[in-house]
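Report on the structure given below.
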Amino acid sequence: MFYEGSLQEGISAAVGQQKMVLCFVTNEYDESNIWESDFLQDPSLVAVIAKQAVALRLRAGSEEAGYLAQIFPLPQTPTIVIMKHGELKEYVAAGTTKDEFLRRIRNSFNVSPPHTAQPASDALSSSPPASPHSGGTLPTVEQSENVRRVLEERAAKLEAAKAAAEQKAKEDLARRRAKAAAEASEGAQKQAELARKKKQQEVEDRRRILKRIQDDKEERRQRAAEREQQRMEIHSRSDSSLPVGTASPLRAPTVARNSNLTSIQVRLFDGSTVRSRFKTSDPVKEIRKWVDENRTDGRLPYTFTQLLTPLPNRSIDETEEEKSLGDMGLSPSSTLILIHVQSYSSAYDGSSQGVLSWILGSILAFLARLLGLIGLGGGGGRNSHDMAPQESDVASAHAKSRRVRGFENPDDQRRDHQLYNGNSLNFEPRPDEDE
């Protein structure tokens, strides 16, 4: 009964054969099965459908049913749609009774309903003669009414669907706009929050840095005060240990400690240091002997200076080198610095050089006079005689200067006393030097 092919092929076959198209949309439930096995199998319809139409069976939800729904809406299933040349002839929806179903299908094909058998006499007597056009007029009018009703329903549904789609589009647009506005507002709030947090973080960082700087200043101030307090305490202890009426010396040895061994560190002229241990009872000259054997900075003469930070440094005279390390206050550990001896000479070097210069000057003067008597010197005798005393005076002045410098104290010329920090080579001026 049904055409084996697609919707497009069925429509093409119907157009080629000048037939109607009957589309049966089924969902294969009970009502659809009743329509397919009972209503459409009625003897009054089978022959008519096979002769005047191409019947197509479409499953609800399929692609072909979707094509048909674009032309004629299919809100319910099962549904029968009858078309001819693109015009709707009949639209039968679900819930239709069998009698109504058969009547509407027959009307769409212009088929009169079958009559029950009656006696001829009763038929002739009971029914008046029918006019030749009465059988075709009623189905045509009813068909037009059905088509109009279906079209009105379809138009109303399309209008309602259009209004619903417009309303939904408006709602979607309003929703999107509200969402965009909310997102923009949220983004602005987030940006403001981020800017506020960033500014707060900068303020906290600046406050923390300022606090750290202030703490460092306070710590340095406290350290300086502690160092000053220690220096004052050391000076007070040094002053209190002296007898009444005795002035406080600028350089005082540290208090000797009871120890068998004393650690000594010596800084050489080239900046290097040497270390060793001595018995506390050994004299200071043992240190000089050890330095002479192990020094690598040459053989220049030197004297020792004891580093007494923060007190002023103490110079060790050669006359004190016979004393023990404990008596000199070098125990249990001390740092000694080698100091250059600025100049040294014998007390008779200058007079010997003056006598030699006078003898040489006399010899030269005698030779000059001899040459003058012979006539070869000219005025040279007088010049040589004048020059000799001058050279003798200059030599005498240099000798006298050397004799005077030989008795000078090296520390009197070197006023830039410096503090040694123990192991490093850096020095810094002593703050109380000018005092």
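The values are calculated or read from the model by the stated rules, or taken from the named source; none is laboratory data. Note that this is a predicted model, so its numbers are computed, not measured. Backbone-built Cβ (ideal geometry, glycine too); neighbour counts: all protein chains shown. Heavy atoms of the whole protein, side chains included, go into the accessibility calculation; ligands, DNA and RNA do not. Shrake-Rupley method; radii C 1.70, N 1.55, O 1.52, S 1.80 Å.
Observations, loosely collected:
- Whichever residue in segment 40-70 is of a type in the set (D, E, K, R) and under 30 Å from Ala161 (Cα atoms) and, among such residues, is least open to solvent (accessible area, probe 1.4 Å): Glu64
- Residue match in segment 33-54 (condition: in contact with a helix residue (DSSP H, G or I) (Cβ under 8 Å, 6 or more places away or on another chain) and part of a strand (DSSP E or B)): yes
- Segment 71-103 - residue that is part of a strand (DSSP E or B), out of contact with any Leu (no Cβ under 7 Å at 6 or more places or on another chain) and of a type in the set (Val, Ile, Thr) and, of those, surrounded by the most Cβ atoms within 10 Å (Cβ to Cβ): Thr79
- If you filter segment 188-231 down to residues that are among the acidic types (Asp, Glu) and open to solvent by 100 Å² or more (accessible area, probe 1.4 Å), you find that the one that is farthest from Leu311 (Cα to Cα) is Glu202.
- Inter-residue pairs, beta-carbon under 8 Å, first over 14 Å from Thr26 (Cα atoms) and in segment 73-86, second outside any strand (DSSP E or B) and of a type in the set (S, T, N, Q), 6+ apart: Ile82/Ser108
- Considering residues of segment 252-268 that are at pLDDT below 75 and surrounded by 14 or more Cβ atoms within 10 Å (Cβ to Cβ) only, the residue farthest from Pro332 (Cα to Cα): Ala252
Per-residue answers, yes or no, for (1) outside the structural domain of Glu87 (by the TED database); (2) modelled with pLDDT of 90 or more; (3) not acidic (Asp, Glu):
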| site | (1), (2), (3) |
| --- | --- |
| Arg103 | no, no, yes |
| Pro114 | yes, no, yes |
| Pro129 | yes, no, yes |
| Pro132 | yes, no, yes |
| Gln143 | yes, no, yes |
| Ala161 | yes, no, yes |
| Leu173 | yes, yes, yes |
| Glu186 | yes, no, no |
| Lys199 | yes, yes, yes |
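- Residue check, Ser37 surrounded by 13 or more Cβ atoms within 10 Å (Cβ to Cβ) and of a type in the set (Gly, Ala, Ser): no
- Filter result for Leu40 (free of Cβ contacts under 8 Å to residues at least 40 places away in the same chain, outside the structural domain of Ala155 (by the TED database) and within 22 Å of Gly5 (Cβ to Cβ)): yes
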